[in-house]
Number of protein chains: 4
Amino acid sequence: MRSYKSIAVLTSGGDSPGMNPAIRGVVRTALHHGIKVYGVQRGYSGLINGDIHLLSSKGVSNIVQKGGTFLKSARCSEFHQANIRAIAANHLRKLGIEALIVIGGDGSLTGAHLFEEETGLPVIGIPGTIDNDIFGTDDTIGFDTAVNTALGAIDKIRDTADSHERYFLVEVMGRSSGFLAIHVGIAAGAEMIVVPEFAVDIEAISLQLATSKRKGLGSSGIIVVAEGNSPGLTNRLAEQLTHHGHTPYVSILGHIQRGGHPSGHDRVLASCLGAKALEYLLAGYSDMMVGINQGQVVNVPLDNLTRYRKGLDPELLKIALQLHK
Amino acid sequence: MRSYKSIAVLTSGGDSPGMNPAIRGVVRTALHHGIKVYGVQRGYSGLINGDIHLLSSKGVSNIVQKGGTFLKSARCSEFHQANIRAIAANHLRKLGIEALIVIGGDGSLTGAHLFEEETGLPVIGIPGTIDNDIFGTDDTIGFDTAVNTALGAIDKIRDTADSHERYFLVEVMGRSSGFLAIHVGIAAGAEMIVVPEFAVDIEAISLQLATSKRKGLGSSGIIVVAEGNSPGLTNRLAEQLTHHGHTPYVSILGHIQRGGHPSGHDRVLASCLGAKALEYLLAGYSDMMVGINQGQVVNVPLDNLTRYRKGLDPELLKIALQLHK
Amino acid sequence: MRSYKSIAVLTSGGDSPGMNPAIRGVVRTALHHGIKVYGVQRGYSGLINGDIHLLSSKGVSNIVQKGGTFLKSARCSEFHQANIRAIAANHLRKLGIEALIVIGGDGSLTGAHLFEEETGLPVIGIPGTIDNDIFGTDDTIGFDTAVNTALGAIDKIRDTADSHERYFLVEVMGRSSGFLAIHVGIAAGAEMIVVPEFAVDIEAISLQLATSKRKGLGSSGIIVVAEGNSPGLTNRLAEQLTHHGHTPYVSILGHIQRGGHPSGHDRVLASCLGAKALEYLLAGYSDMMVGINQGQVVNVPLDNLTRYRKGLDPELLKIALQLHK
Amino acid sequence: MRSYKSIAVLTSGGDSPGMNPAIRGVVRTALHHGIKVYGVQRGYSGLINGDIHLLSSKGVSNIVQKGGTFLKSARCSEFHQANIRAIAANHLRKLGIEALIVIGGDGSLTGAHLFEEETGLPVIGIPGTIDNDIFGTDDTIGFDTAVNTALGAIDKIRDTADSHERYFLVEVMGRSSGFLAIHVGIAAGAEMIVVPEFAVDIEAISLQLATSKRKGLGSSGIIVVAEGNSPGLTNRLAEQLTHHGHTPYVSILGHIQRGGHPSGHDRVLASCLGAKALEYLLAGYSDMMVGINQGQVVNVPLDNLTRYRKGLDPELLKIALQLHK
C-alpha cells in the first residue's frame, strides 16, 4: 500500500473514443480516495510546457458519452529526449504531483516507461487506441467503437454494392496489425480480409471472386483491407483486380474511425480501467499498464510492450475463413 | 468425435440482435464440414408443426447485419408438455435430422435440455438474450447491442434533462436481473442505478439528489431503473420522488432494446458461438450450451442453467458506486 | 430600416433539436451587423430573474450539432401575468437591450406577442417545436429530427414485429395534432396511422388487420398512434384490439423524440431562420414570427398564432391511405 | 385523363437512398388504380435484355427503410444508341406495358426523354440522386439522407479535430455542383466551404485560418470541399495549405454518402413523388419529371433538364458566409 496526495492524468497520441470516460474513471476514483487530480493538456506537450490544471468531480460530468479527449492530445517528438523528460518531471514535482496516469497507445506507453525509469515518478498506463495492438491486453479503449463505426459505414456501402452488383474494397485502419480488419471483416460478413500479417495473394483473391460468381453466389460483396505500411495499398489492389477482370469500387474509411460517441463496451471498459489504474497505484504498483486478460483486469509491466508483439487470434482467423460463402 | 449428416437450427423466445449471425455461423460451419442444415421456423412451434426447411450458404448471405431472426421466433407454451416434445422429435427424425441447435434464452435452453433428455436427440444451446442472465456464460448474444441501444436513447434524453435541469428515471429491461441496468448505468454516467437484486431505498435516493443539488453538482441527471417484476415500478418511483420534492421525468425504453442492427461485438460473438456449437457437436458433446468464461468459449451443461443463478459482478457494482459525482 | 445596438435571445418551453444552431444563427448574424447579443437563461424564467449574459462568436462555436439548448429552457407559468412581464421588460431595458428573439412553440410565441404589445419592446419569434403545429409555417425547428428519431426506433421495433409476427402500436408525440404521426407513419410504411384530428374506429382497424392477414399480406406491421389528449390512449387501443382477437405489442416512444443531434435539415433551417429573424428585425419588423411557406422564409404576425389553427395536409393524408398494403 | 393497364418502373444510374420507397409509391398507387406494374432489373440494361418482372403489393412491403434499390441499378452506355432504345421499347410492348417510370439522375432522365421522343412510349421521371443537381426541382430523393450521412461522419471527425486542434478538409460528393457541400457546410458549422461553382483561393483560405487563430477563435475546425471535376482536389488543397504553414488532415467521405437507411424526409418525399408520378400519368401527362418547387409537387418537361443548369441558392451562400466565426 502506498498513499498519494496528488496525481496527474494525460491523454497522448492518436485520440480514441473512450478516453473521456477513462479520465473520468481516474478522477472520480482518486477523489473517492481523497487524492487531488491534475489534468495535463495536449499529452506530453503539456507536461513539457507545464500546462497542468486541477480537475474536479463536476469538471468530468457529462463527458462520458463524448468522443475524443477533453484534455486534448498530441504526438510529441520532443519527449523522445531524456533531458526534455527531466524538465517535464520538474513541472510535476513543483506542483506536488507524485504520480502520472498516461492514457494512450504503444508509443505513448513506452514513453511513460522511460519517464518513470529516469525520473522515478510512478507511472501507470491505460491502453487507449483503436488499433488494439498493444501487447499484454486483449482489449484497448476505442477498439470496440472503431469496429462499430467501420461496420456502420460498411452497412451503408453494402447498399451500393448490392444495388450495383459490385465488390467493394473497404480500407480500415491498421498499419502493422490486422485486429481491426479481422473483427470488422467477420462482423461485416466480408468475403475476404486482407491483413498486414500475411502477404496479399491477388491471384487467390481473383480466383475466389470468379468461383463465387460461377457458383451463383452473387457478384457483390465486401473485402476488408487493413491499410498496411505502404500508403495506397487498397487502390493498388483495386487496380490489380481490375486487370484480372473484376471492377471493384474502393472506399477508404479514414479518420471517421477515430471519433464518435464511445460504445457502451468502451465506456464500461474505460471506467473500469480508470478505476483499476488508481487501485494498482494505491496498492504500490507502478511502471505498469492495466490490461484485460481472459476477461479480467491484469497488470502488465510497461517494458513488456516493447519486448513482445501481439499476434492475431488464430481461432478468429479460422472462423473468418470458414464463414465466408 | 462423432459424425453427422443433417442437423437443424432454431431461434426461440424473445428475439435478440445477433441471432441472424449466429444462425449463419451454424449454417456455414456445418456446410464447411459437409453437413446439411435445416432451419426450423418460429422456434419450438415450427418443430411441433414440422415447419422445417433446408438452408443453403447463399440463403444466409446478407443477414449478418440484420436485427431479429429470419427464422422467426415465438414463445411456445405447448412445448412444456413431454408428449408434444415427442411429436417434435419425430418431425426431425423423419427428415433424417440427427441433432438440434437452439438459440435462445434461459427458458428456451431449459426446454432444449428436456428435449434431449427425453428423446435422445443431441442438442447444443447458444445463449441469445439481451438480458445476459444465463448462468455459466459471461456474455449473451444481443446484450452488447441492447446496452448500446439504451445508451443511444439516454444520450438523447440527456439533452432534455440538461436543457430543463431535471432528473430522468430511465427504465431498461430486466425483470429479475440488473445486468443491463448496471452496464447501461455505468456507461451512461448515471447518478443512480436501481436493480432487482437490491431493495429500492427511496429515502436514500432522495437524499442523494438533494445533496448533489446542495453541493452545486447540478440538478439534472439520469437514474437507470431495471423494470423488475412488478409492472409500473418506474412510474411509482417517480411519484414517490415527487412526494419528496423532486420532479423527475420518466422514460420507459421498452421494445426498442430488442431490435436494431447487431453491434460488432455481438456479430463476432454470434459468429464464434455458432461455429463453436458445431465444433462441440462434432467433438461428441451435447446437452450443453456454448458460453463465454474468462474470455474463452466454454461448454456449460444445460442442466446447470436451472440449478444455479447468475449474480451481478461485485466489481462492477463497486465501480458504479464510486464513479457517480 | 431600423438600427439596434443590443438584443437578447432566449429559448422557451419544451426543448427541440436545432435550438442551438438557431441561437448561433441569431448571434453570428447580429455580430456580423455589429449588434451585441445577450443570452437569457431558462426562457422567460431567466428574463424575470435577470439571468442574462453577453454572448460571443466563440461562445456559440461547436454547438451546431448538439441537441437541447445551451441557454436552458423552462416552462414558466408566472410569465402569464402582465405585471411579471413588465418586470422582465425592465431587466432588458436596464441592460440597454432593445429587442428580443424568442425561440419556442405556440405558447411561448403567444407570450412573446403579449410581451411586445404591453411593453413596446420589439419581439421576433422563431418556431422551435418537434410538433410542427404552429400556424403560418410549414416547418418548425426540431420536427425533422423528431421524425428521424421516431423512425430509428421503429426500424428497431420492426425487427421484433417481423420475428414474432406481431403488430406494434407505436405512440409518438402529438397531443392535439397528428403532424408527427402522419410523417412518421408514411415514412415507416405503417399499416395505419391514428391522429387526434379524427375519431378512432376500432372496428375499422380490427377489420383491416383481419383482411390483411386473410389476404396473406402478413400478420406483422406498425400502427403509428399520436398520443392525443387523454393519457393512456395507446394502451387502451391495444386492449380493445386484444378483445377483437389481435394481440398487438405497445411501444411508447416518449422523451427520446425531443433530443438527439439535430438533423441536417433542422440545422440548415435553424441557421436560416436565425439569420432571417435578424434581417426582419433590422428591416423594421417586429411582433412577428419567421416561418416557412411554399419553401420560402416568410413573416407571420404573432397574433395569427392564436387566431388560426393549422390543419393536416390533405394530400399527405390521401397518400398515407393509398400506400399501405 | 388517360387509362393504363400496365406500366413499368426502373431505377437507373448511381443509387440513392429513397429509391425503394419511390418504387413502393409507384407500385402501390398503380395497384390502387387497378394498374399492373412491372419492375425492370438493373435500369436500362434490364430494359434492353428484357429482364422485366411483375411486382405485387406484398413484394414492396418492408423496403421503405432500405437503402439502395431492390430493382438494382446500373450505368448503361449502350442505351445512348437509338437502335438499342428501339429494342428496349419492343420488350415493353411485347409485355403490353404502356408507360415507363424512370427513377434516377440527370443522365438517366435525359435518356428517358429520348426514349419517349423516339418510341412514343409515355415516360415519367422521378429525380433520384444525392447530388440535388437536377434543373427544375428544389429537392431530389437521397439528398437529405446524404447530407445527414456526411454530417454523421463530420460529427465523428470533429472529435479528432478538437482533440488534436487541427483543421480537417472533408471531401463530399459533387463533381460539378456544390449543393451537398453548401448544405453540409452550413449544417456542420464549417469554417469554409469549397464548391465547384467558384474558383478556389488558397491565399484567402490561408489568411482566414491565420486570422481565426490570431483572434483566439481556435485552431481547429472543418472545411467542407466538394470533390469537383479533377480527382485529388482535396489532397492538393491540403498540400498547398501545408506550404502556407497549416497542417490540415484530410478525410474523403466517398461511397458511404450513397447508402444507408433513407431519412424520414427522403422516405416521405419518395412516397409522394412516386404517388404523384402516377397521378400525372393518369392525367395524361408524359415526357416530364415530377419535381418540388416552392414546396409543391410540380411537373417539369424532361427536355428542360438538358437545356438549363440549376444554380446554387444565393441566400444560402450568404448565410454560409455570415455564420462562420
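The values are calculated or read from the model by the stated rules, or taken from the named source; none is laboratory data. Worth saying up front: this structure is predicted, and the values here are computed from it rather than measured. Glycine also receives a Cβ, built like all others from the backbone with ideal geometry; neighbour counts cover every protein chain displayed. To get the accessible areas, we keep the full protein, side chains included, count just its heavy atoms, and leave off ligands, DNA and RNA. Shrake-Rupley method; radii C 1.70, N 1.55, O 1.52, S 1.80 Å.
Between the stretch B:227-242 and the stretch B:24-70, how many Å separate their Cα centres?
Between the Cα centres of the stretch B:227-242 and the stretch B:24-70 lies a distance of 41 Å.
Can you list the residues of the stretch B:237-272 that have at least 30 square angstrom less accessible area with all protein chains present than in their chain by itself, probe 1.4 Å?
So the qualifying set is B:255, B:256, B:260, B:261, B:264, B:265, B:267, B:268, B:271, B:272.
Note the distances from residue B:81 to each other copy's matching label point, with points 7 Å along the Cα-to-beta-carbon direction, in nm, sorted shortest first.
Those separations, rounded to one decimal, come out as 7.0, 7.1, 8.6 nm.
Which value, in Å² rounded to 10, gives the accessible area of residue C:198 with a 1.4 Å probe and all protein chains present?
120 Å²
Under 8 Å for C-alpha pairs, at least 6 residues apart: give me the relative contact order for the stretch B:146-258, rounded to a whole percent.
Taking the mean separation of contacting Cα pairs over the length of the stretch B:146-258, I get 40 percent.
Counting only protein heavy atoms and rolling a 1.4 Å probe, how much accessible area do B and A lose on contact, total for both sides, in Å² to 100?
3800 Å²
Measure off 7 Å from each Cα along the Cα-to-Cβ vector at residue C:90 and residue A:83, then give the distance between these two points in nanometres to one decimal.
6.8 nm
Which cross-chain or sequence-distant (5 or more) residues have an amide H under 5 Å from the amide H of residue B:141, H modelled 1.01 Å from N in plane?
Sorted by chain and number, the residues that satisfy this are B:128, B:129.
Distances in nm, one decimal, shortest first, from residue D:243 to the same residue in every other copy, taking the label point 7 angstrom along Cα→Cβ.
Residue D:243 label point versus its equivalents elsewhere: 3.3, 7.6, 8.0 nm.
Pull up all non-local amide H partners of residue A:221: gap of 5 or more, or a different chain, and H-to-H distance under 5 Å with H placed in the peptide plane.
Close amide H contacts, sequence-distant or interchain: A:166, A:167, A:168.
Which value in deg cm²/dmol, rounded to the nearest 500, describes the helix-derived mean residue ellipticity at 222 nm for the protein assembly as shown, given -39,500 (n - 2.57) per DSSP H run of n ≥ 4 and division by the residue count?
Mean residue ellipticity at 222 nm (helix-derived): -13000 deg cm²/dmol.
Quick check on the protein assembly as shown: take the gyration tensor over C-alpha atoms, sort the square-rooted eigenvalues as a ≥ b ≥ c, and tell me if it's rounded (a/c under 1.5), prolate or oblate.
It comes out rounded by the Cα gyration axes.
Which order do you get for C:32, A:243, D:113 if you rank them by accessible area with a 1.4 Å probe, largest at the top?
The ordering from most to least exposed comes out as A:243, C:32, D:113.
Where does chain C land on the Kirkwood hydrodynamic radius, alpha-carbon pairs, in angstrom?
20.7 Å
For chain D, with a Gaussian network of springs between Cα atoms less than 10 Å apart, report the residue from D:147, D:27, D:298 with the top mean-square fluctuation.
D:298
For the rotation taking C to B, I'd like to know which residue in chain C has the C-beta closest to the axis, plus that distance in Å.
It is C:252, 3, counting Cβ atoms only.
Using the reciprocal of the averaged 1/r over all distinct C-alpha pairs, how large is the Kirkwood radius of the stretch D:143-259 in Å?
Answer for the stretch D:143-259: a Kirkwood hydrodynamic radius of 14.1 Å.
So, in Å, what gap is there between the alpha-carbon centers of the stretch C:267-325 and the stretch C:84-110?
Each part's Cα centre sits 22 Å from the other's.
For chain A, modelled as a Gaussian network with Cα springs under 10 Å, which listed residue fluctuates most, A:133, A:144, A:303?
Top of the fluctuation ranking is A:303.
With contacts defined as alpha carbon pairs under 8 Å and 6 or more residues apart, what's the relative contact order of chain B in percent?
Once normalised by length, the contact order is 24 percent.
Which residues of the stretch B:160-180 end up with at least 50 Å² less accessible area in the presence of all protein chains than when their chain stands alone, using a 1.4 Å probe?
Residues meeting the cut-off: B:160, B:163, B:164, B:165.
How much of the DSSP bridge set in chain D is antiparallel, in percent, rounded to the nearest 5?
25 percent
Would you list, by chain and number, the lysines whose Cα falls below 17 Å from the Cα of residue B:276, excluding same-chain residues fewer than 8 positions away?
Within reach: A:318, B:36.
I'd like the orientation of helix A:19-32 relative to chain A: the angle between its Cα long axis and the longest Cα principal axis, in ° from 0 to 90, rounded to 10.
30 degrees
For the stretch C:58-191, what does the relative contact order come out to in percent, with C-alpha contacts under 8 Å and a separation of six or more?
Worked out over the stretch C:58-191, it gives 16 percent.
Rounded to the nearest whole Å², what accessible area per residue is found for the stretch C:114-199 with the 1.4 Å probe?
With all protein chains present, the stretch C:114-199 gives 23 Å² per residue.
What's the carbon and sulfur percent of the protein assembly as shown's accessible surface, probe 1.4 angstrom, rounded to a whole number?
Carbon-and-sulfur percentage of accessible area, whole number: 51.
Name the most mobile residue of C:85, C:307, C:93, meaning the one with the largest mean-square fluctuation, in a Gaussian network model of chain C with Cα contacts below 10 Å.
Highest fluctuation among the options: C:307.
Helix C:202-214: angle to the longest alpha-carbon principal axis of chain C, degrees 0 to 90, nearest 10?
For helix C:202-214, the angle is close to 50 degrees.
Find every distance from the label point of residue B:285 to the corresponding label point in the other copies (7 Å from Cα along Cα→Cβ) and write them in nm, one decimal, shortest first.
The projected label point of residue B:285 is separated from its counterparts by 3.0, 6.6, 7.2 nm.
What would the Debye equation give as log₁₀ I(q)/I(0) for the stretch B:237-325 at q = 0.18, 0.21 Å⁻¹, counting only Cα atoms as equal point scatterers?
Per q value, in the given order, log10 I(q)/I(0) is -1.09, -1.17.
Quick check: the angle from helix B:143-164's long axis to the longest principal axis of chain B, C-alpha only, nearest 10 degrees?
Roughly 20 degrees, rounded to the nearest 10.
Suppose each label sits 7 Å from its Cα in the direction of the beta carbon; what would the residue C:204-residue A:165 distance come out to in nanometres?
Here the modelled spin labels are 4.5 nm apart.
Using a cut-off of 14 Å between beta-carbons, work out the net charge of the residues near residue C:42 (Lys and Arg +1, Asp and Glu -1, residue C:42 not included).
Spelling it out: positives minus negatives among the neighbours equals -2.
Can you work out the Karplus-derived ³J(HN,Hα) for every residue in the stretch B:240-247? Use 6.51 cos²θ - 1.76 cosθ + 1.60 with θ = phi - 60°, whole Hz, and x for glycine or proline.
3J(HN,Hα) across the stretch B:240-247, in whole Hz: 5, 5, 5, 4, 8, x, 9, 9.
Which parts of the stretch A:51-70, residue by residue, lose 10 Å² or more of accessible area when the rest of the protein chains are there, as against the chain isolated (1.4 Å probe)?
Those are A:57, A:58, A:61, A:62, A:64, A:65, A:66, A:67, A:68, A:69, which lose 10 Å² or more relative to the chain on its own.
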